[in-house]
Amino acid sequence: MQLPSAYEEVLLSRGLPLREIGVAATGLARNDALSAIDALSGSTIAIASGDVLRVTNERPQYTFSNWRAQRGIGESLDAFIARSHSIARDYIAKYPEQCGQITLYTLVTAALSAPNDTSRSGSRASAASAGFVR
């Protein structure tokens, strides 16, 4: 899957690699995560899901808060991509952050392999620096 260069630039320049906790993902602060979503605009890349982490004692930890977007039966690819971006944007924008704590978001991106596929099993999710695959 070819990710837009503007998206990769956001991850590389503003993201926090999460390798230290054993995850092939990049955590982004709220504004940076929203910028990453903007960078995907107009692409054929959906945001399949995402997770929220908080930095405690200088170590990122999962909060077990997350979101997910699934393609609906009969939903066009373009409609699903736009909806997946909207779901991610709304979740991140509304997530209650605690004053004085660093909150990070991961984005799991996906490109569907079949036009009528409605499940994640038919998608290729990118763990290369955009998020992780469960």
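The values are calculated or read from the model by the stated rules, or taken from the named source; none is laboratory data. Not measured: the values here are computed from a predicted model. Here the Cβ is made from the backbone with ideal geometry for all residues, glycine too, and neighbour counts use every protein chain on show.
Of the candidates Ser49, Ser65, the single residue that is among the hydroxyl-bearing types (Ser, Thr, Tyr), in a strand (DSSP E or B), in contact with a Gly (Cβ under 9 Å, 6 or more places away or on another chain) and within 17 Å of Ile87 (Cβ to Cβ) is Ser49. Remark: pairs (first residue in segment 92-121, in a strand (DSSP E or B); second residue of a type in the set (Val, Ile, Thr) and modelled with pLDDT under 90; Cβ separation under 8 Å; 6+ apart in sequence or on different chains) = Thr106/Val23; Val108/Val133. Within segment 56-85, the set of residues being closer than 16 Å to Thr26 by Cα, free of Cβ contacts under 8 Å to residues at least 12 places away in the same chain and out of contact with any Leu (no Cβ under 8 Å at 6 or more places or on another chain) comprises Glu58 only.
Yes or no, residue by residue, for (1) of a type in the set (Val, Ile, Thr); (2) closer than 16 Å to Ala111 by Cβ:
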| site | (1), (2) |
| --- | --- |
| Met1 | no, yes |
| Arg19 | no, no |
| Ala24 | no, no |
| Leu28 | no, no |
| Gly42 | no, yes |
| Thr56 | yes, no |
| Asn66 | no, no |
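When restricted to residues that are farther than 28 Å from Glu20 by Cα and loosely packed, with under 12 Cβ neighbours inside 10 Å, segment 55-75 contains 3. Going through (1) within 14 Å of Thr103 (Cβ to Cβ); (2) in contact with a Pro (Cβ under 9 Å, 6 or more places away or on another chain); (3) of a type in the set (Val, Ile, Thr) one by one, Val52 falls short only on (2).
Test Leu18 against the stated conditions and say whether it is touching a helix residue (DSSP H, G or I) at 6+ places or on another chain (Cβ under 7 Å) and in contact (Cβ under 8 Å) with a residue 24 or more places away in the chain. The answer is no for Leu18.
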